[in-house]
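So the structure is just underneath, and the comments pick up after that.
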Amino acid sequence: MKLLSAGFTQKQCIFTHCDTLFSRLLIRISCRLVHSDNRKIALLDLDAFFAAVEVIKDPSLAKRPFAVGGGGERGVVATANYHARQYGVRSAMPGHQARRLCPDLHFVKPDMPAYKAMSKQVLAILSEYTSLVEPASIDEFYLDLTDNTAFKGSASLTMEAIRAELRALGVSGSAGISCQKMVAKIASEERKPDGQFVVAPDQIVEYLATLSLRRIPGVGPKSQERLQAAGFRNVADIQQADVAKLQRLLGDHAGYLLFQRCSGIDERPVSISRMRKQVSVESTLHRDFTHVKHAEHFLETSLLPSLKKRLGQARWQDVKAKGQTVKLKFSDFTQTTVSRVSNRVSPSLFYQLLHEAWPRAEHRSVRLIGVGITLPDPDENRQLELELE
């Protein structure tokens with residue numbers, strides 16, 4: 001055994017091996033218990049939502065490639081319709097790069113009031129089928145259809161009916177259906193646009209095994225690099241992994257949570273009272289900053305007042321927090337973030353984080369600055385996000 005060469009006695013090796021097997025067995029058993037509850041959970045993801053609303057406002061856009069956002073040197077694509085996506089135009093892409101890919105690309109200025117109004121109409125339709133609807137964002141909704149009586153309780157037929165109503169409204173949506181939120185979210189990507197995909201409870205582990213780790217919510221590029229360097233390239237690798245090895249690699253909580261999710265366990269309910277996890281503001285600068293003093297002034301006069309307004313608190317010291325973050329995006333569109341644990345919000349900490357992040361520019365100018373606060377979560381152990389980044 002490798003453990004023997006590391007200085008462990010044979011008895012210690014046996015106990016360690018048994019403990020690992022026992023932990024994995026408990027996780028597999030709990031996975032079956034979770035699946036046996038026969039929940040019916042769906043995730044509805046509205047397709048190219050902002051673009052769809054713009055077509056409702058201006059039908060002439062329907063057959064031309066366009067993007068919502070800014071097309072100038074400082075602009076960024078918020079979303080693109082499917083005609084534009086055929087050229088490679090994607091969300092968060094610089095506007096000038098999008099124009100190079102699609103010279104005929106038309107840009108439309110975002111209309112948030114219109115998007116919010118349409119989102120409320122969609123929510124009203126969903127609420128006719130179930131009272132358990134959790135808006136995950138302006139264009140994503142979780143539905144608990146366990147006690148749904150429409151179509152004899154069929155979640156698939158119910159989601160087809162909902163999607164038909166949305167098409168009549170002028171928007172389309174893709175749906176994932178399973179017995180848990182994580183798999184429903186992943187499955188919603190399988191039949192885009194305007195389709196749906198079902199993963200039955202007894203198919204979850206096998207379905208997940210076929211996926212790359214990037215499909216698991218919370219596993220970003222940096223985490224993928226770390227895991228790949230350790231020999232973990234897909235979900236199947238994690239399913240067969242030693243939990244203790246994952247915990248050494250990622251930390252006790254994140255390592256166990258990743259193994260749990262890849263094993264198909266997600267007990268989170270659809271919650272109608274969704275808590276904010278983070279409050280943040282960011283701004284693309286009218287002119288790139290090259291000196292940290294300019295950034296400090298912008299932090300003081302613009303970002304911090306905006307953040308305080310969003311928090312709705314009279315005094316910073318009244319805001320409980322888990323941490324604070326500063327984000328910088330550089331002239332080449334790469335970005336960096338610096339975070340620090342903080343029980344109470346301290347404005348001075350934002351300045352410290354700014355000075356810590358600034359040298360990473362390495363002579364590049366800064367085009368965007370953001371600040372954020374991570375809020376306490378009373379139900380942290382039930383959360384899906386791995387926060388490995």
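The numbers here are math on the coordinates, done by the rules we state, and not lab data. Everything numeric in this text was worked out from a predicted model, so none of it was measured. Note: ideal-geometry Cβ built from the backbone for every residue, glycine included; neighbour counts use all protein chains shown.
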HN-Hα couplings for the stretch 71-77 via Karplus (6.51, -1.76, 1.60; θ = phi - 60°), in whole Hz with x for Gly/Pro, come out as x, x, 4, 9, x, 9, 6
Stretched fully, the stretch from Thr301 through Glu189 gains (0.36 nm per residue minus C-alpha distance, one decimal, in nm) 36.2 nm
In debye to the nearest 20, the charge dipole size for the stretch 39-199, taken about the Cα centre with +1 at each Lys and Arg Cβ and -1 at each Asp and Glu Cβ, equals 360 debye
Quick calc: nm separation of the 7 Å Cα→Cβ label points for Glu128 and Asp58 -> 3.1 nm
For Lys57, counting only lysines whose alpha-carbon sits under 19 Å away and dropping same-chain residues fewer than eight positions off, the answer is Lys109, Lys116, Lys120
Looking only at lysines whose Cα falls under 23 Å of Lys293's and that sit 8 or more positions away or on another chain, we get Lys308, Lys327, Lys329
Note on the chain: helices (DSSP H) long enough, at least 20 Å by alpha carbon along their axis, and hydrophobic enough, mean Kyte-Doolittle at least -1.0, are 10-35, 112-127, 155-169
Candidates for Kirkwood radius over Cα pairs in Å are [x] 23.6; [y] 22.2; [z] 24.8, and the calculated one carries label [x]
HN-Hα couplings for the stretch 283-299 via Karplus (6.51, -1.76, 1.60; θ = phi - 60°), in whole Hz with x for Gly/Pro, come out as 8, 7, 6, 5, 9, 4, 9, 10, 10, 5, 5, 5, 5, 4, 5, 5, 4
Quick calc, the chain, dipole around Cα centre from Cβ unit charges on Lys, Arg (+) and Asp, Glu (-), nearest 20 debye, gives 720 debye
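Using a Förster radius of 35 Å, what is the FRET efficiency between Gln203 and Tyr87 based on their Cβ-Cβ separation? Nearest 0.05, please.
After rounding to 0.05, the efficiency reads 0.45.
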Across Gly218, Gly70, Gly88, the residue with the highest GNM fluctuation in the chain (Cα network, 10 Å cutoff) is Gly88
Expressed in nanometres to one decimal, the distance between label points 7 Å along Cα→Cβ at Asp288 and His106 is 3.2 nm
Given a Förster distance of 25 Å, the FRET efficiency implied by the Cβ-Cβ spacing of Val341 and Ile138, rounded to the nearest 0.05, works out to 0.25
Straight-line reach check, Lys245, cutoff 30 Å on alpha carbons, 8 or more apart in-chain or any other chain, hits among lysines -> Lys2, Lys11, Lys181, Lys185, Lys222, Lys277, Lys322
Checked against the positive end of the charge dipole of the stretch 180-260 (+1 on Cβ of Lys and Arg, -1 on Cβ of Asp and Glu, about the Cα centre), the farthest of Gly195, Tyr207, Leu227 is Leu227
Footprinting proxy, Arg85, Arg315: sorted fewest to most Cβ within 10 Å, the residues are Arg315, Arg85
Computed about the Cα centre, the charge dipole of the stretch 224-380 from +1 Lys/Arg and -1 Asp/Glu charges at the Cβ has a magnitude in debye, to the nearest 20, of 440 debye
